[in-house]
1. Filter the range 108-124 for residues that are of a type in the set (D, E, K, R) and at pLDDT below 95; which is most open to solvent (accessible area, probe 1.4 Å)?
2. Assigned to a loop (DSSP other than H, G, I, E, B), among the aliphatic types (A, V, I, L, M), modelled with pLDDT under 85 and surrounded by fewer than 20 Cβ atoms within 10 Å (Cβ to Cβ), is that true of Leu147?
3. Take Leu127 and decide whether it is in contact (Cβ under 8 Å) with a residue 60 or more places away in the chain, surrounded by 11 or more Cβ atoms within 10 Å (Cβ to Cβ), under 24 Å from Arg36 (Cα atoms) and of a type outside the set (S, T, N, Q).
4. Before we move on, is Val110 hydrophobic (A, V, I, L, M, F, W, C) and within 13 Å of Lys34 (Cα to Cα)?
5. Is it true that some residue in the range 35-58 is modelled with pLDDT of 95 or more, in contact with a strand residue (DSSP E or B) (Cβ under 7 Å, 6 or more places away or on another chain) and of a type in the set (Phe, Trp, Tyr)?
6. May I ask you to list pairs of residues, at least six apart or on different chains, whose Cβ atoms are under 6 Å apart, with the first in the range 32-55 being without any contact (Cβ under 8 Å) to a residue 60 or more places away in the chain and the second being buried (at least 16 other Cβ atoms within 10 Å of the Cβ)?
7. Here is a check on your reading of the model: is Ser83 in a helix (DSSP H, G or I), small (Gly, Ala, Ser) and within 25 Å of Asn17 (Cβ to Cβ)?
Amino acid sequence: GLSESQFKSIIVLPDLNLQKLRIWWNETNDLEAKSRAQSVRKELEQGAAFAQLARVYSQDEESKYIGGDLGFVSREEMPPWISDQVFNLQLNEISEVVTSTEGFVILKMVALDENQDPPLRQARWILFKGSEIENFLEQQKQNYRVLVFRDL
């Protein structure tokens, strides 16, 4: 029963703002995970196999055992902060360390299918999880008391 503008303002915008907050939180508060990601990125520059390093270092339990493979995806199937990176990579190119809502990622585009509509890319990633902002927010809730008044 929501209009499109209500849906956007009540559901989409708060979720987008939370995702942006998670990215900011990881970028400013989790320098250890970022440092680990940069170290692995250097190993990749020196010729290490992406799939092997994904198996060793990635904290994504769903993809690490298959070399970080995310499968073929369209731009719309991925969050914008990841899809923009994947769809700007050349075949077999490796991204810089990217800050995401989950932490830090290194991406590799391993195949493309331009014959599909929309075009598809097969990507791999290595995820270094950041700290959980939810824990911080829960701690903050204990420090503040929020009251909401409604007209009846």
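The values are calculated or read from the model by the stated rules, or taken from the named source; none is laboratory data. All of these numbers come straight from a predicted model, not from anything done at the bench. Cβ: placed from backbone, ideal geometry, glycine included. Neighbour counts: every protein chain shown. The accessibility values were calculated without ligands, DNA or RNA, using every heavy atom of the protein model including side chains. Shrake-Rupley method; radii C 1.70, N 1.55, O 1.52, S 1.80 Å.
1. Per the stated criteria, the residue is Asp117.
2. Yes; evaluated as a whole, the condition is true for this residue.
3. yes
4. In short, no.
5. Yes, the range 35-58 contains a residue that is modelled with pLDDT of 95 or more, in contact with a strand residue (DSSP E or B) (Cβ under 7 Å, 6 or more places away or on another chain) and of a type in the set (Phe, Trp, Tyr).
6. Gln38/Val97; Arg55/Lys64
7. For Ser83, the condition - in a helix (DSSP H, G or I), small (Gly, Ala, Ser) and within 25 Å of Asn17 (Cβ to Cβ) - is met.
Rundown of residues vs (1) closer than 17 Å to Glu132 by Cα; (2) not basic (Lys, Arg), yes/no style:
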site	(1), (2)
Trp25	yes, yes
Leu31	yes, yes
Lys42	no, no
Gly47	no, yes
Ala54	no, yes
Asp60	yes, yes
Tyr65	no, yes
Gly68	no, yes
Gly71	no, yes
